[in-house]
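Trainee: So that we are looking at the same thing, I have put the structure below in structure tokens.
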Amino acid sequence: MVLQPGSSRAEVAGLHGSPPRLRLKVHAQPERGKANEALFELLSDLLNTSQSSLIILRGTTSRKKDVLVRGISRETVMGLLESSKK
């Protein structure tokens, strides 16, 4: 996924780049882990899961991140995120 910090609202913004990655926007700025915290808040709300089930596998300090969601299938995660797109 691609994280866009400092956005006016938190949302799923669709696919971005090549190969396509899901772009998520959050309010928080990318300092001292605030944007990652906001990402976890957004994902846990959208996926109806706890923040402790989310792990950043790669990209902790990058906009491009690989996030593991424990306890939910990839298909379910993608379906929930797709249905929440504006």
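Trainee: Here are a few candidate values for log10 I(q)/I(0) by the Debye sum over Cα atoms at q = 0.11, 0.20, 0.26 Å⁻¹: (1) -0.30, -0.88, -1.22; (2) -0.25, -0.91, -1.62; (3) -0.25, -0.83, -1.33. Which one was actually calculated from the structure I just gave you?
Mentor: (2)
Trainee: What 222 nm value per residue comes from the helices of the chain, counting each DSSP H run with n ≥ 4 as -39,500 (n - 2.57) and dividing by all residues, nearest 500 deg cm²/dmol?
Mentor: So the helix-based figure for the chain works out to -8500 deg cm²/dmol.
Trainee: Could you give the size of the charge dipole of the chain about its Cα centre, using +1 on the Cβ of each K and R and -1 on the Cβ of each D and E, expressed in debye and rounded to the nearest 20?
Mentor: Numbers: 14 positive and 8 negative charges, 59 e Å.
My answer is approximately 280 debye.
Trainee: Loop-only check: which GluC sites (Glu not before Pro) in the chain are DSSP coil with at most 11 other Cβ within 10 angstrom? Working shown, then result.
Mentor: Numbers: sites: GLU11, GLU31, GLU37, GLU41, GLU75, GLU82; in loops: GLU31.
Sparse-neighbourhood loop GluC sites (Glu not before Pro): GLU31.
Trainee: Just for the chain, what percent of DSSP beta bridges are antiparallel, to the closest 5?
Mentor: Values: 10 of 13 bridges.
Approximately 75 percent, going by the DSSP bridge assignments.
Trainee: Let me check I've understood the local charge: for MET78, count other residues with C-beta under 15 angstrom from its C-beta, Lys and Arg +1, Asp and Glu -1. What total comes out? Intermediate results must be reported in sequence, preceding the final value.
Mentor: Working: positive: ARG21, ARG23, ARG74, LYS85; negative: ASP66, GLU75, GLU82.
Summing Lys and Arg as +1 and Asp and Glu as -1 gives +1.
FYI, it's all coordinate maths here, none of it is from the lab. Here the structure is a predicted model, which is why all the values come from computation and not from measurement. Ideal geometry is used to build each Cβ from the backbone, glycine not excepted, and the neighbour counts take in all protein chains shown.
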